[in-house]
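These notes are about the structure you will find just below.
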Amino acid sequence: MPQRTTLDQLVPGQRATVKKVGGDGPIRRRIQEMGVTNGAGIEMVKSSPLGDPIEYKVRGFNLALRKEQASMIEVEI
Amino acid sequence: MSFTVALAGNPNVGKSTIFNALTGSQQHVGNWPGKTVEKKEGRLRFGTEDIFVIDLPGTYSLTAYSIEEIITRDYIVHEHPSAVVVVVDASNLERNLYLVAQIIELRIPVIIALNMADLATSRGMRIDVDELSSRLGGIPIVITIGNRRRGIDELKEAITQVAANPRDAELRVDYRGVVRDEILIIEELIARDEPLAKAYDPHWLAVKLLEADPGIDRALMGSGMGDLVTAADEARTRIEEKTGEEADTIIADQRYTFVNSVIDSVVVRPREMVFTGSDRIDRIVTHKIWGLPIFLLTMWIVFQFTANVSAPYLDWIDVFFNEVVYGWAQGLMVFLGLGGTWFASLVTDGIIAGLGGVLVFIPVLLFLYLALAVLEDSGYMSRAAFVMDRVMRWMGLHGKSFLPMIVGFGCTVPAVYATRTLENEKDRKLTGFLATFMSCGARLPVYVVFGAAFFGSTSGNLIFAMYLLGIAVALVIGLTLKHTVYKGKPPAPFVMELPPYRLPRGGDVWRHMWKRTKGFVIKAGTVILFTSIVLWFLMAIPAGSAKGTFNNVPAEDSVFGALSGVAAPLLAPAGFGTWEASGSLITGFVAKEVIVSTMNQIYVQEARDPEPVGEDDAVDPTTFGEDLVVSVIGFGEAAILTVQEVINIVPRTINIIPGIHIGEIAFFSETGDVEENSSSLQTALVASFSASAGSVEAGMVAAVAFTVFVLLYVPCMAAVSAMRQEFGSRWMWTQIAFTLALAWVAAVLVFQIGKLLTQ
C-alpha cells in the first residue's frame, strides 16, 4: 500500500518514487537537474557518520543531500 | 582554415583526460576573464587540420545558477564554436543526456564522446550506439576510454569531419501539453523581433524564458525587451494554474522523459541497481564508525606530505641556491671585474637570494598539488566532504571547506586556490580567510627558534600551542561571523555527486601538478623577487648622513633600520618594541621563512659583511665542475630522502598510538647538520627580549607574544597575491588589515596579562 513521506525519512536500503520536489528556485532546480524528478526511483544508501548529509542512489549514480534539502522532497514508498 | 571546438560535459566524466588526450602538451591554462574558474585551451592536430579546443567547465545543466554554467552557456551561444564535443559517462547515461539534450537545443553541431565505456560494461550495461545516435538526430558518437587513450583517433577524425561539414543538430526535445502551447506563443513573439531571432534560436529562448532563467531575463530586460519577460511570466502563471506544477518543474520532467525514452530503446541494463565496486569501497570509507578515522588518517598523510616529504628537496634547493648558485654568481661578478661592488651584492644578496626565496616554494607546492590531484581524481574528495560537512557547517562553512583548511597547514597559497571547489562565493572567501589561521609550514621555524631559545626542552608545548591557537581563532571567527554578519543567510545547499572511485592517471596528475606550480612561481615569483630587491636597497641605503656608504652600512643605520624603527614603538605594548623585532616582522611579509634568516642577520651582526670578495679571500675554492657534481649528488640524495620520508609516514602514524614506538628508517646516518649559529641567535634573542620587556621572565612572555603575532599576522606576499587573484583587491586589503589588527591585539593581550601573571 503506497505511503507518502519525505525523502529524509527513508531508512538505509529503502526505495521510493519521487512525487514532488519542493523548495525554491536555485536549490530545486539543482536537485532536479541531478535527476531527482517526479517519477524517478530513489534509494537511501546511508547517512554520513555524523548524521548529515545523506547518500542516495538515483538514476544510476550516488548523490548526497542534506537533511534540509531531502525533507522538502515528497516520495511514495 | 582553423576551427574551434568546445568540450563540455558533467563533472567527473573524464573530460580533462579527453582534453589532454586530444591536445597533448599543446595546451594553455588560464582563467576565464574576470572569473576564478580555470580555462583550458589547446590545439589539436589531425592530418592537415589545426583545430582549437577549449575545455568548458563541467556542468550538470545549462541554467544560469552557477559560474560554470554561465560560462559554458555564454561561450556556446556567443562564440559559436564549430562544434561541441560532449563527454558523456556511459555508466551514467540519464543524467549526462540531460545536458546533451540542452546543448542540442542550442542548435549547434554536437559530437558525443561516450567515455568510460569499460565501466559501463563492467556494470552489465549494453548500449546500442547506432540507435542512440539516430535517436538523438544522427549526431556522431565515438566510444572512448579516456584514461587508456582509446578511441582518441576516432574522436579526432569525427571532430575534423564535423568541423569541416557542420550540420546543425536536428533534434528537438518534444515538449508536450500546456507547456508546448505556451512555448509556441512565446516563440512567435520572439520571431517578431528579427535581430533577436537571429541572435538566439527562438525555440531555445522561449524555453529559457519559461524557465525564468535569470541570465536570460536580465539580458532581455537590459536591452529593452522587458515585455517578453512579462509575457513569459504570464505564461508561467497560466501553466501553474492549469497543471498545479511550476513551469520549470514540468520542463525538467519532460526533458528527462525524453531522455528516458531514448535510453529505453538503446540501453540494456541489469534489472537491479548494481552494487558497484565503488559501493564496496564506500562500505568502509563512509562507514558509520570507520568513516571519520579514515578521513583523519587521510588528512594526516596529506599533512605529512606537505611537512616532511617535501623537506629534503626544500633543503636541497635552499642549499643549491643560497650557497652554490650564490657562489657561482659571486664568481661571475669577480670574473666580470665587478667583485665587491654594490652591484655584485645586489645580484647575489638581492636577486639570487630573492629567486631562492621563490623557488624554495616549489617542492612544497608540487607535493601539495600532487596530494590534491590524487584526492580529487580518485573521487575521495567528495567522500571527505560528505563526512566532514556537519563539522564544517557548525563553523559556518561547507563540507568542501575542509580541504583548503588542511592544505593551509602546509602552505596558504595552494589552500587559497583549493577554495575553487566551493561553489558559493561567500563560502570560498570565508574558507580562504580562515585558512590563513592554519599555521603554515613557513611560520614553524620561528616557533622552533623561539621555543629553543626561551623554553629549551619544553619548546614542543609552545609549538603545539600555536597550532591549537590558530585552529581556535578560526573556529571563533567562523562561529562569530555565522551568528552575526551571515546570520539569517541560508547556508548554501549541499547537493553533491559521489562519483565512482577511479585510479588517477599518472600523466594527468603530473601535468596538473606542474601547470599549477608553474603558474604560482611565475605570478608570485615576480612579486617576491621585486620585493627582495626593494628590501636589498632599503638595507643598503644609509639613513641620514655620515653613517656609512651605500651597501656598506650596518642594518640598523640603513633606511630599512629607520623604517623598522618607526614601527617599533607600536610593538612596545607587546613587549618587543625594538627595531630588530619589527624589522624581522616586516621582512616576514615577503615570506615567513625570511623571518629567521633576517633575525640571523640583524641580531647576530655577522652576515652583513660588505668586504669585497677577492681571489685570496675565498675560504674553500671550488671549481664550477666540482660544484655541479656536488649539487647533482645532493639532488640524488634528496630524492632518496624523499622516498625515506614517504616510507617514514608509516612508523610516524603508528607511533601516534601511545605506548608503541617503531623506529623510523634513515638511509644516511645523521651527518651533524649545520647548526647555523643557532645558539648565538638564541642568546641574542633572549638578551634583546629581556631588555625590551623589562626582565628575564617578562622577556619569556614577550617571546610568546611574538610568536602569537607571527601566527596571526598577515600572510606572505605569495599568499596575499593569491588572495587578490581569487577574491579581489578589496577582500585582500580587508584580510591584511584584520590580521594585522588581530595579531597586534592578541600579542599585546598575551604580554600584558602574562606579565601580570608572572609578577
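Structure above, values below:
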{"quantity": "Share of Cα-Cα pairs in chain B lying beyond 38 Å, as whole percent", "calculated": "49 percent"}
{"quantity": "Relative contact order, percent, chain B [alpha-carbon distance under 8 Å, six or more residues apart]", "calculated": "10 percent"}
{"quantity": "Pair A:E43, B:E425: separation of 7 Å Cα→Cβ label points (nm)", "calculated": "4.1 nm"}
{"quantity": "Length gained when the stretch B:R172-B:V745 is fully extended (0.36 nm per residue, less Cα-Cα span)", "calculated": "199.9 nm"}
{"quantity": "Label-point gap, in nm, between B:T683 and B:R126 - each point 7 angstrom along Cα→Cβ", "calculated": "8.5 nm"}
{"quantity": "Packing-based exposure ordering (other Cβ within 10 Å, fewest first) of B:H80, B:H287, B:H398, B:H203", "calculated": "B:H80, B:H287, B:H203, B:H398"}
{"quantity": "Eligible lysines near B:K242 by straight Cα distance, threshold 27 Å, same-chain separation 8 or greater", "calculated": "A:K19, A:K20, B:K208"}
{"quantity": "Cβ-defined net charge surrounding B:R730, 12 Å radius [Lys, Arg +1; Asp, Glu -1]", "calculated": "+2"}
{"quantity": "Average Cα contact separation per residue, region B:3-164, under 8 Å, 6 or more apart, as relative contact order %", "calculated": "25 percent"}
{"quantity": "Ranked by how many other beta carbons lie within 10 Å on average, peptides B:376-382, B:649-655 from highest", "calculated": "B:376-382, B:649-655"}
{"quantity": "Gain on full stretching of the segment that runs from B:D181 to B:E241 - 0.36 nm per residue minus C-alpha separation", "calculated": "20.2 nm"}
{"quantity": "Sites B:T653 and B:I351 - FRET efficiency at Förster radius 51 Å, r taken between beta-carbons, to 0.05", "calculated": "0.75"}
{"quantity": "Euclidean distance between Cα centres, region B:452-519 to region B:57-106, Å", "calculated": "32 Å"}
{"quantity": "Positive minus negative residues near B:G47 (Lys, Arg vs Asp, Glu; Cβ under 14 Å)", "calculated": "-2"}
{"quantity": "For chain B, calculated [θ]222 nm from helices alone, where every DSSP H run of n ≥ 4 adds -39500 (n - 2.57)", "calculated": "-19000 deg cm²/dmol"}
{"quantity": "Kirkwood Rh and Cα Rg combined as Rg/Rh, region A:4-76", "calculated": "0.91"}
{"quantity": "Neighbour-count ranking [beta-carbon atoms within 10 angstrom, fewest first] of B:S584, B:S265", "calculated": "B:S265, B:S584"}
{"quantity": "Antiparallel DSSP beta bridges within chain B, as percent of all bridges there, nearest 5", "calculated": "45 percent"}
{"quantity": "Among beta bridges that DSSP assigns inside the protein assembly as shown, antiparallel share in %, nearest 5", "calculated": "70 percent"}
{"quantity": "Alpha-carbon Debye profile of the protein assembly as shown, log10 I(q)/I(0) at 0.07, 0.08 Å⁻¹", "calculated": "-0.64, -0.81"}
{"quantity": "Ratio of the Cα radius of gyration of region B:3-164 to 2.2 N^0.38 Å, where N counts its residues", "calculated": "0.96"}
{"quantity": "Separation between Cα centres of region B:698-742 and region B:147-202, rounded to whole Å", "calculated": "51 Å"}
{"quantity": "Percent RCO, i.e. relative contact order, over chain A, from Cα pairs under 8 Å lying at least 6 residues apart", "calculated": "44 percent"}
{"quantity": "Point-charge dipole on Cβ atoms (K/R +1, D/E -1) for chain B, about Cα centre, debye to 20", "calculated": "1540 debye"}
{"quantity": "Degrees separating the helix B:425-435 axis from the principal Cα axis of chain B, which is the longest one", "calculated": "20 degrees"}
{"quantity": "Surrounding net charge for A:L63, when Lys and Arg each add one and Asp and Glu each subtract one, Cβ distance under 10 Å", "calculated": "+1"}
{"quantity": "Chain lengthening between B:D74 and B:K487 when straightened (0.36 nm per residue, less Cα-Cα)", "calculated": "145.3 nm"}
{"quantity": "Loop sites in region B:222-324: chymotrypsin sites (Phe, Trp or Tyr not before Pro), DSSP, at most 11 other Cβ within 10 Å", "calculated": "B:F275"}
{"quantity": "Region B:280-316: trypsin sites (Lys or Arg not before Pro) falling in loop per DSSP and having at most 13 other Cβ within 10 Å", "calculated": "B:K288"}
{"quantity": "Debye log10 I(q)/I(0) for region B:177-257, one point scatterer per Cα, at q = 0.11, 0.18 Å⁻¹", "calculated": "-0.26, -0.68"}
{"quantity": "Separation between Cα centres of region B:372-429 and region B:1-33, rounded to whole Å", "calculated": "25 Å"}
{"quantity": "Under the Karplus curve 6.51 cos²θ - 1.76 cosθ + 1.60, θ = phi - 60°, whole-Hz ³J(HN,Hα) for region B:87-92, x wherever Gly or Pro sits", "calculated": "7, 10, 7, 4, 7, 9"}
{"quantity": "Number of partner chain Cβ atoms within 10 Å, mean per residue of A:42-51", "calculated": "6"}
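Every number here is computed from the coordinates shown, using simple stated rules; none is lab data. Nothing here was measured: the structure is a model prediction, and the numbers come from that model. Cβ sites come from the backbone with ideal geometry, for glycine too, and all protein chains shown count toward neighbours.
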